[in-house]
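The values are calculated or read from the model by the stated rules, or taken from the named source; none is laboratory data. It should be emphasised that the depicted structure is a prediction, and the values quoted were computed from it without experimental measurement. When we count neighbours, we look across all protein chains shown, and the Cβ atoms used for this are built from the backbone with ideal geometry, even at glycine.
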Amino acid sequence: MQCPYPGLMPFGAEHKGWFYGRDQMIHTVLERMDARILEGGPLVLIGPSGAGKSSLLAAGVLPALGDGRLPVVGSSKWPRLMLTPTASPALALAAAAGLDADDARHLAESWPSDPSRCVADLREMTSADAAAEAGESHAAGLIVVVDQFEEVFTACADEAEREWFVEVLDLLAKDAGGAVVLSLRADFYAACTSYPQLRAALQAGPVVLGPMTESELKEAIRLPAEDVALEVEDGLVEVLLADLGAVGGLEGTGSAGRLPLLAHALRATWQQRSGHRLTVDGYRVTGGIQRALANTAERLFDVLRPPSRDIARWVFLRLVTVGRDADDTRRRARYDDLLRHAPDPESAKAVVDDFTRGRLLTRDQDAVTITHEVLIRAWPRLREWIEQDRDGNLVRQDLEEAAAAWDHAGREPGALYRGNRLEIAQAWAEKHTPDLSTTARAFLATARRHQRRGQRLRRSAVAVITALAVIASTAAGFAFWQNGRALEARDQAISAAVASESLRLAPTDPSLSAQLALTAYHMNPTPRAASRLITTENTPLNIRLPGSKGSVYTADYSPDGHTLAVGYVYQNIVRLWDVSDPSHPVALGRPLPEDASVDSILSVKFSPDGRTLAVGGHANHVGNGGSGGFVDLWDLTSPSHPVLLGRPASTGVSAWDSLSSIDSLAFSPDGRTLAAGRHGGIVSLWNVTHPDDVTSDGEAYNACSPSHYLSSLAFSPDGRTLATACGTGTGTGTIGLWNTTEPSQPTRRGRPLNAGSKVISVAFSPDGHTLAAGAADNDVHLWNLTDPEHPAPLGKPLKGPAQAVMSVAFSPDGHILAAGSADRTVHLWNVTDVRVITPLGRTLSSPGAGVNAVAFSPDSRTLAAGNSDGNVDLWNLPPTQLIGAGGNVASVAFSPDGDTLAAGNQNGTVSLWNTADPGHPAPRGTPLTGPTKPVNAVAFSPDGHTLAAGDSGGTVTLWNTTDPDHPVTLGRPLTGTNGLIFSLAFSPDGRTLAAAGDDIDKSFGIAFWDVSDPAQPTRNGNINTDHTKSVQSIAFSPDGHTLATGGDTSTHEVGLWSTTDLGVRIGRPLPQPTGISTWVAFSPDGHTLATGNSNGIITLWDSTDLNHLTRRGRPLTIPGGSLWSIAFSPDGKTLAAAGHTSVGTIALWNVTDPDHPTAIGEPLTVATGPVSVLAFSPDGHTLAATTGDGVATVWDLNVEAAIHNVCANSAGSLGSKNWRTYVPTIGYKPPCPQT
């Protein structure tokens, strides 16, 4: 039986019969190709890695062209070339045209001098074959498809050839009958903008390949199986989609970039089929979507002979291009070169052969490549190889590329490394000689010889230079002026280099990245440098507390947040830090004077009143002549002068059990009881009402089953339940729940919870309704404990960490769940509404080692992460990230005085925030209730006394916000629209409220109310036409006489309507491309109308005469080709637009002269998700944005505020040592004032 799923291999033309689910996208590409043939220029297909670009082109678009679906006469017979750029785009183009290797090499060498000749040659070579096939004398057209176009940046090191290739493609596309399609990874969008031809192609409108919808995914799973008579078991499709994350939420968002994982899981499930049937059990055996690929890779790795295992790392690192400003990508390597340079060619061959048979590597002619880049993300072992020494891998990568270029140039001395670059490469090579190819070793050896020769020549020149010194002094005046210009140029060059390093480090070391961004700004304060700093305002930054040589194993904040206690495993050290000001932490004297017999600290915990610190662990002498667990109580009334209160004795603990270390401690919330869990499973409870006179609360009891070991325990917030995590050495684990209402007689609540893997850490949410468990299977498991007698699993485990989750913690405000992992990261989730849990921003990552302990400060604004390298990172969680009351935050609006920000939540509430100090917003009471459906739009009246909220049920709720701390509901909700309200707007005089949205009732269209008396609003008519039934955005003109409407995907137009004569259109509608949504905004003076569509194109219109709109300047494009919101600043000088690529983006333009708008720096990056709505504060200094992760972000657009944020929250990241690495040519100048 044939397998209809190609796995990681892209669908090819031979698979076109099995390629389902992309009919609409194929049609879109063909439609845009037709348009681009008329316009002249390449068509760019953009999508994230794993979106299916290669398959769409090879198995969808190209076969469709052959079937005659391009509406151009004779196009079905046009020659079609498909290629990837490789290291030599010229050679790849010649080979695609059908030349053999020798002819291709000869022609490729002559082409770069004349792009026009290349175009002519290609026409000649392809037209003869096409004419013969068509029975004609000449074929007019030529189609060139360049897949993985990003290889021109990652694989081609020759900038001249890169520019030549771009020009050739542009000429081919502008030639009569020429069509060029480029598929591009979304994160290389910015790289294309440096080339005028590509920039023009992007501005002309790329095709954005989004995720497949749920129905399309079902087609892609079921229909290929039907084609080969393969049955799909009931429920399998649903399980696959759920694991893919494609069920519920925004249409298709869950599957973005994850199609290769699905494809591989389907192929692996086929291999586990039961006869002619794909089964759920077979799918589970593969490890599921999350682990099937990693399991396959590990299985192939495990069966390698030991010598080949050692060489596998060497091979795979040469098949990856480690990214600086973009994600890591796969790299094509020549098979012969790979084996020739390998330390053990035979073992390298075995690795390539085995992984090729497993379809994870692909041998294409004479090259080897990773079959799909998803392997880089999905195989933890490969990620570890890359991340273990990312900086070193970049040095090796640059060195190998330079050595190859040197060898290709005939070993020209001018291509050798010199100076600082040579020193860095030498230092790395001394420790990693086996990792270098023979060419790279020869390159370094030759460079060293040339450097020594140059040093001898320089010494000989000293005498001559001295003699010339007198002459040089006569030119001092001119030289002084010239030197000033040289220094300025030098600083600009260094600033650019430092900024580049800042961007590269942003994902892995955000604090060092921020400090480098500030350094670059000081050297060259450009708008681009300023925008990079402003981006850091909503980026968590960390301050590192230096530690001991051991590993941090436990950490806890005092209840007042002033003290942080940190304990070290395999040492007797507990450090105390004064963290009253997290920006300036101070060590509180020496470590606690623990007894010399203590050899490991495994748990520290503050009492609820903060006066007592309990310390638990292991000692080699515990008073009975033997080793075992211990608990010490310390009086920290004065943290700088701790006093030992004593070591409580356990009752009912056998001599054997006493040998077991104390692994976990927990105080009951009332401070009366201290629980201590021993590794062997024994739990002791003490009455610590008087810490200096502790008594046992009954006998110790065994909380774990035989052969299980206790790892963690935690009290519920009401103190009535104690959770104990137990596990075996083989990896299975359970959690016991104990009723501790009477501490002296604990009883089990129900049956133990089964996590399916060893549980390492447990934590209760502040309301006690949720229990989180971090496990060895890399997941965080959740249970609903509203009824602790009948706990229930809460959805699927949270995924993200690549290694075991060592510690979990809820923020005291209940909004955030943190998980520290052995993979050196901390993952955050928004758990405000546990029914809709979403990742919160980027993973926290620093150059440290694995994270063993996480702890939140009492104000929830700082997260301490204890690392196994002995250091502690204090992560500042930006106060300007406002977590909504539940689900996505769909809309935001500032009050006219700027002191209040309203945010509409998907759980049917509206949150109000005090923004008098926009750098530290504070909640104004509890969220407002009233709406029964998700709130999609909010708006304040011009006087600020009324707040309106429109929901998905078609109702509008009004509140009196004269006192924003005590809002009052105004009358009954406004009803009658019956559809999803997307947009609300008050007229400038505040007397009218308009509401528009999707599927609005046919009787009304856009609804208007008279709200002159907001306590008694009355219906004031409607605009009811086919053009107003489905509207994404509305905006009143400043005089209130006109309403602009932006249509959604079904309306596709921008309209202007009279508000004095409802239903009367003003001027002609502005058509928009089919299938997109449009947003509208008037400038404050009414002279400009901005329209932005979901393709990322913004057009400015002169609206002085609304009956005759005319374009202002050229269209603006937002990076990533996606737009969801536009807004003018109150002074009309700035236009903001929001969209998203792999993360959210906010682009800003100076529109003081709307006929010549200019970009303000770089777009701001919003790590908490796609941005959907923007709002300026009344003074224009602050911008609020909603994001897809249930968060609203507030941005101070003043760069000085960003500088203050960087200096306050990343102190010490750029010390003199790091300075020498990243700013080597200038003496150390700390970017922040020293304190």
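Being part of a helix (DSSP H, G or I), assigned by TED's automatic domain parsing to the domain that holds residue 165 and closer than 15 Å to residue 165 by Cα: is that true of residue 95 here? Criteria met by residue 95. If I filter region 1116-1137 for residues that are closer than 21 Å to residue 506 by Cα and aliphatic (A, V, I, L, M), do I get at least one hit? No, because not a single residue in region 1116-1137 is closer than 21 Å to residue 506 by Cα and aliphatic (A, V, I, L, M). Scan region 1-51 for residues that are over 18 Å from residue 225 (Cα atoms), in a loop (DSSP other than H, G, I, E, B) and of a type in the set (S, T, N, Q) and the total you get is 1.
Residue-wise test of (1) more than 20 Å from residue 583 (Cα to Cα); (2) under 21 Å from the mean Cα position of the chain (by Cα).
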site	(1), (2)
867	no, no
882	yes, yes
893	yes, no
902	yes, no
918	no, no
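How many residues are farther than 16 Å from residue 661 by Cα, modelled with pLDDT under 90 and not charged (D, E, K, R) if we restrict to region 697-727? The qualifying residues number 3.
So if I check each of 157, 173, 191, which one is touching a residue at least 40 places away in the same chain (Cβ under 8 Å) and assigned to a loop (DSSP other than H, G, I, E, B)?
Values: 173 fails: assigned to a loop (DSSP other than H, G, I, E, B); 191 fails: assigned to a loop (DSSP other than H, G, I, E, B).
Residue meeting the stated conditions: 157.
Of the residues making up region 1197-1218, those that are within 23 Å of the chain's Cα centre (by Cα) and of a type in the set (A, V, I, L, M) are 1197, 1202, 1206. Can you spot a residue in region 874-894 that is farther than 20 Å from residue 538 by Cα and of a type outside the set (Gly, Ala, Ser)? The answer is no; no qualifying residue exists. From 901, 874, grab the single residue that is outside the structural domain of residue 1011 (by TED's automatic domain parsing) and either in contact with a strand residue (DSSP E or B) (Cβ under 8 Å, 6 or more places away or on another chain) or aliphatic (A, V, I, L, M) (or both). Answer to the check: 874.
Given the conditions (1) crowded, with 24+ Cβ neighbours inside 10 Å; (2) out of contact with any helix residue (DSSP H, G or I) (no Cβ under 6 Å at 6 or more places or on another chain), report the number of the one that residue 896 does not fulfil. Residue 896 satisfies all of (1) crowded, with 24+ Cβ neighbours inside 10 Å; (2) out of contact with any helix residue (DSSP H, G or I) (no Cβ under 6 Å at 6 or more places or on another chain) except (1).
Take residue 871 and tell me if it is crowded, with 19+ Cβ neighbours inside 10 Å, under 28 Å from the mean Cα position of the chain (by Cα) and under 25 Å from residue 771 (Cα atoms). No.
One residue is enough: does region 1162-1170 have a residue meeting the conditions polar (S, T, N, Q), under 18 Å from residue 528 (Cα atoms) and touching a Pro at 6+ places or on another chain (Cβ under 6 Å)? For region 1162-1170, residues polar (S, T, N, Q), under 18 Å from residue 528 (Cα atoms) and touching a Pro at 6+ places or on another chain (Cβ under 6 Å): absent. In a residue-by-residue description of region 52-67, the property of being part of a loop (DSSP other than H, G, I, E, B), out of contact with any Ser or Thr (no Cβ under 7 Å at 6 or more places or on another chain), outside the structural domain of residue 408 (by TED's automatic domain parsing) and modelled with pLDDT under 90 applies to at least one position.
Taking the condition small (Gly, Ala, Ser), within 22 Å of residue 185 (Cα to Cα) and either at pLDDT below 90 or touching a helix residue (DSSP H, G or I) at 6+ places or on another chain (Cβ under 9 Å) (or both), does residue 74 pass? Write out each step before concluding.
Values: small (Gly, Ala, Ser): yes; within 22 Å of residue 185 (Cα to Cα): no; either at pLDDT below 90 or touching a helix residue (DSSP H, G or I) at 6+ places or on another chain (Cβ under 9 Å) (or both): yes.
Judged against the criteria, residue 74 is not a match.
The rows are residues; the columns are (1) surrounded by 19 or more Cβ atoms within 10 Å (Cβ to Cβ); (2) at pLDDT below 95; (3) in the same structural domain as residue 892 (by TED's automatic domain parsing); (4) polar (S, T, N, Q).
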position: 980; (1), (2), (3), (4): yes, yes, yes, no
position: 993; (1), (2), (3), (4): yes, no, yes, no
position: 1001; (1), (2), (3), (4): no, yes, yes, no
position: 1007; (1), (2), (3), (4): yes, yes, yes, no
position: 1021; (1), (2), (3), (4): no, yes, yes, no
position: 1032; (1), (2), (3), (4): yes, yes, yes, yes
position: 1043; (1), (2), (3), (4): yes, no, yes, no
position: 1065; (1), (2), (3), (4): no, yes, yes, no
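The set of residues in region 682-697 that are touching a residue at least 60 places away in the same chain (Cβ under 8 Å) and either part of a loop (DSSP other than H, G, I, E, B) or within 15 Å of residue 613 (Cα to Cα) (or both) comprises 688, 691, 694.
The set of residues from region 915-930 being surrounded by fewer than 13 Cβ atoms within 10 Å (Cβ to Cβ) and of a type in the set (Gly, Ala, Ser) comprises 916, 922, 925.
Considering the conditions (1) in a helix (DSSP H, G or I); (2) over 31 Å from the mean Cα position of the chain (by Cα), residue 343 is excluded by exactly one of them, (1).
Counting only residues that are out of contact with any Phe, Trp or Tyr (no Cβ under 9 Å at 6 or more places or on another chain), at pLDDT below 85 and closer than 23 Å to residue 34 by Cα, region 150-177 holds 2 of them.
Within the set 1060, 1049, 1099, 1045, the sole residue that is within 19 Å of residue 1006 (Cα to Cα), assigned to a strand (DSSP E or B) and among the hydroxyl-bearing types (Ser, Thr, Tyr) turns out to be 1045. Under the condition of being modelled with pLDDT of 90 or more and either farther than 15 Å from residue 1201 by Cβ or surrounded by fewer than 24 Cβ atoms within 10 Å (Cβ to Cβ) (or both), the residues counted in region 505-517 number 6.
Name the residue, out of 1179, 1196, 1153, that is free of Cβ contacts under 8 Å to residues at least 60 places away in the same chain and either in contact with a Pro (Cβ under 9 Å, 6 or more places away or on another chain) or over 22 Å from residue 898 (Cβ atoms) (or both).
Numbers: 1179 fails: free of Cβ contacts under 8 Å to residues at least 60 places away in the same chain; 1196 fails: free of Cβ contacts under 8 Å to residues at least 60 places away in the same chain.
Going through 1179, 1196, 1153 in turn, just one is free of Cβ contacts under 8 Å to residues at least 60 places away in the same chain and either in contact with a Pro (Cβ under 9 Å, 6 or more places away or on another chain) or over 22 Å from residue 898 (Cβ atoms) (or both): 1153.
Looking at region 1026-1042, can you tell me whether even one residue there is more than 41 Å from the chain's Cα centre (by Cα) and within 23 Å of residue 1099 (Cβ to Cβ)? Yes, the conditions are met somewhere in region 1026-1042.
The sole residue among 987, 952, 941 that is surrounded by 15 or more Cβ atoms within 10 Å (Cβ to Cβ), more than 24 Å from residue 914 (Cα to Cα) and in contact (Cβ under 8 Å) with a residue 60 or more places away in the chain is 987.
Considering only region 541-637, give the strands (runs of 3 or more DSSP E) lying wholly within it that have at least 3 residues that are hydrophobic (A, V, I, L, M, F, W, C) and touching a residue at least 12 places away in the same chain (Cβ under 8 Å).
Details: elements: 541-545, 551-557, 563-569, 574-578, 598-606, 612-619, 628-635.
Here the list reads 541-545, 563-569, 574-578, 598-606, 612-619, 628-635.
Given the options 652, 677, 719, name the one that is under 24 Å from residue 770 (Cβ atoms), out of contact with any helix residue (DSSP H, G or I) (no Cβ under 6 Å at 6 or more places or on another chain) and part of a loop (DSSP other than H, G, I, E, B).
Numbers: 652 fails: under 24 Å from residue 770 (Cβ atoms); 677 fails: part of a loop (DSSP other than H, G, I, E, B).
One residue alone meets the criteria, 719.
Scanning for something among the hydrophobic types (A, V, I, L, M, F, W, C) and buried (at least 21 other Cβ atoms within 10 Å of the Cβ), does region 383-395 turn up at least one residue? Scanning region 383-395, I find no residue that is among the hydrophobic types (A, V, I, L, M, F, W, C) and buried (at least 21 other Cβ atoms within 10 Å of the Cβ), so the answer is no.
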